[in-house]
Amino acid sequence: MLYEATGLTRTFKGRTVLNLEHLAIESHAIYALIGPNGAGKTTLLNLLAFLDRPTTGTLQFRGLVVRYNRQQLLELRRRIVLVDQYPILFTSSVWKNVGFGLKVRGISKKLRAHRIEQALELVGMEQFRQADAHTLSGGETKRVALARALAIEPEVLLCDEPTANVDQENQEIILQILQRINREHRTSIILATHYLAQSRGLADHTLMLEYGTLSDLTDEIAGNPVFPSQKIAMEE
Amino acid sequence: MSLLLDSLKSALSLLISLDPELLNIVGVSLSVSCSSTLIASLAGIPGGFFIAHSNFYGKRLVLTCLNTLLALPTVVIGLLVYSFISRRGILGPLELLYTQKAIIIGQVILIIPLVTSLTIAAISRIDNRYRKTALTLGATQLQMALVIVKEARYGIGAAIIAAFGRVIAEVGISMMLGGNAKGFTRTMTTAMALEYDKGEFVLAVALGLTLMTIAFGVNMLFHFFQGKTKIDVI
């Protein structure tokens, strides 16, 4: 099992935004996390990326209970990477951005250059290697952020709305890259999305979040772009 | 008007001939100001980063105190440091009074709040996603801090320039703690005040011009590194 969570809650200023009795995520699969705005998708991704700690409950990664001490967090974070919904690139070149994760791991310059080239080729951004990162368009920024994440060859890739705010062409490229790295590198992928169609076409498993809790996702709902609460309201 | 023009003409000739007294005064000023700016930066930048990035009990009080200290008059600092380093003070045996070290101590106290406050402002403006991105890419806390400092480098650079500008132009601390001893603690500002008292304007004007040139040069250098000398015209 990749992740296993029990009684996981996250509260902000007295408001519980995530409340999961039990969550189990298997390795090497693509999971789609769907739900409306405010459902708790980003909060869950931050917890799974170990960038935030739960208010209550336990989280296990590959059978190891997360203790949230500094040393363990660093070790865990170096196996997982989160690509933000609105990724931000450091004020430097595309090359240096993609090489950041490798540099902080102390990887040699030669190997770093090889992995940067590979990652840029994978996302089709090799012609931008010397470009100033802040001159890129939204879609290009997302692709470079993806290359930066893939360069470190993570065990788990977490993507928050990977295709939000990008054009159709870039959306397709990004989805193809995700499928390819899952197939070729067996990288586990968990992506948050609004689009049920996207989850059906890409994911092996779909998790639906609503009001911070997991809902049972039926085939009926999977084929129909309504969320459980909307469905109940429609039935009423 | 003729007094000013005559003084200006004589001052320029002093500058062009590289007058030894003038050079000595400029040297003392630069040495003292650079030292105090360096020490204050070494303390104020990490301090500012810590305050900006931490949530601790009493943070608001610390910020209020820092903002209050920004308005601290140089004579108050001079008086305070004097009480410690004068012969009857607890640091009297160190014989710091009327030395360049005494001026540096006073100037550091003057600009630490400035460097810290401006660093806090610069760090606070940096998007939190930089921190999150650095951490998810496997950065340690120190590597993450360096990313933030790098992103805030222009703001921090501006803090250092402002601090340098403050100390190179101050007169109260230099006069009270340095004593304006010729060749030792005479800075550009204390020399200008003395020359004014004597009714001699030539050296004062020459020093004034030098002071302005240094300030302009430092700012030009900053803008050069900032890479903003080219302004896009729409």
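The values are calculated or read from the model by the stated rules, or taken from the named source; none is laboratory data. It should be emphasised that the depicted structure is a prediction, and the values quoted were computed from it without experimental measurement. Cβ placement follows ideal geometry from the backbone for every residue including glycine, while neighbour counts extend to all protein chains displayed. We work out accessible area using only protein heavy atoms, side chains counted, and drop any ligands, DNA or RNA first. Shrake-Rupley method; radii C 1.70, N 1.55, O 1.52, S 1.80 Å.
The C-alpha atoms of chain B define a longest principal axis, and helix B:20-53 lies at about 20 degrees to it.
What does the C-alpha gyration tensor say about the overall shape of the protein assembly as shown? Classify as rounded when a/c is under 1.5, otherwise prolate if a/b is larger than b/c, or oblate. It is prolate, given that a/c is not under 1.5 and a/b is the larger ratio. Whole-Hz Karplus values for the range A:138-148 come out as x, x, 5, 4, 4, 5, 5, 4, 5, 4, 4 Hz, taken residue by residue from phi with 6.51 cos²θ - 1.76 cosθ + 1.60 and θ = phi - 60°; glycine and proline positions read x. Compute the acute angle (0 to 90°) between the alpha-carbon long axis of helix A:109-122 and the principal axis of greatest extent of the alpha-carbon atoms of chain A; round to the nearest 10°. The angle comes out near 60 degrees. Amide H contacts for A:Leu2 (H built 1.01 Å from N in the peptide plane; partners 5 or more residues away or on another chain; cut-off under 5 Å): A:Ile25, A:Glu26, A:Ser27.
What value, in deg cm²/dmol to 500, does the helix sum -39500 (n - 2.57) over DSSP H runs of n ≥ 4 give at 222 nm once divided by the residues of chain B? Result for chain B: -24500 deg cm²/dmol, rounded to the nearest 500. Computed from the C-beta positions of B:Thr64 and A:His22, the FRET efficiency with R₀ = 51 Å rounds to 0.60. When chains A and B come together, the accessible area they lose, probed at 1.4 Å and totalled over both chains, is close to 1800 Å².
Checking the cross-link pairs A:Lys41/A:Lys96; A:Lys96/B:Lys132; A:Lys96/B:Lys150; B:Lys9/B:Lys182; A:Lys13/B:Lys132; A:Lys103/B:Lys150 against a 19 Å limit on the alpha carbon distance flags A:Lys41/A:Lys96; B:Lys9/B:Lys182; A:Lys13/B:Lys132 as lying beyond it.
Nearest 5 is fine: what % of DSSP beta bridges in chain A come out antiparallel, could you say?
So the antiparallel bridges amount to about 55 percent of the total.
Entry comment: accessible area of the protein assembly as shown is 51 Å² per residue, from protein heavy atoms only and a probe of 1.4 Å.
Just the protein heavy atoms count here, and of the accessible area of the range B:2-233 at 1.4 Å, carbon and sulfur take up 69 percent.
For chain A, find the longest principal axis of its Cα atoms and tell me its angle to the long axis of helix A:168-185, 0 to 90°, nearest 10. In chain A, helix A:168-185 runs at an angle near 90 degrees to the longest axis.
Here the label points at B:Val218 and A:Tyr86, each 7 Å from Cα along the C-beta direction, are separated by 3.7 nm in the simple model.
Largest first, the extents of the alpha carbon coordinates of chain A on the three principal axes equal 60, 42, 34 Å.
Near the amide H of A:Cys159, within less than 5 Å, lie the amide hydrogens of A:Val83, A:Ile190, A:Leu191, A:Ala192, all on another chain or at least 5 residues away, with H placed in the peptide plane. 3J(HN,Hα) along the range B:168-181: 6, 9, 7, 10, x, 5, 4, 6, 6, 9, x, x, 6, 7 Hz, from the Karplus curve 6.51 cos²θ - 1.76 cosθ + 1.60 with θ = phi - 60°, whole Hz, x for Gly and Pro.
Taking R0 as 22 Å, what FRET efficiency do you get between A:Gln71 and A:Lys103 from their Cβ-Cβ distance, rounded to the nearest 0.05? Efficiency computed from Cβ-Cβ geometry: 0.60. Taking the DSSP beta bridges with both ends in the protein assembly as shown, the antiparallel portion is around 55 percent.
For the range A:36-44, backbone phi angles converted through the Karplus equation (6.51, -1.76, 1.60; θ = phi - 60°) give residue-by-residue couplings of x, 4, x, 6, x, 4, 5, 4, 5 Hz, Gly and Pro being listed as x.
Only helical runs count toward this figure. For chain A, summing -39,500 (n - 2.57) over DSSP H runs of n ≥ 4 and dividing by all residues gives -11500 deg cm²/dmol at 222 nm.
Close amide H contacts of A:Ser93 (hydrogens built in the peptide plane, cut-off under 5 Å, sequence separation of 5 or more or a different chain): A:Ala133.
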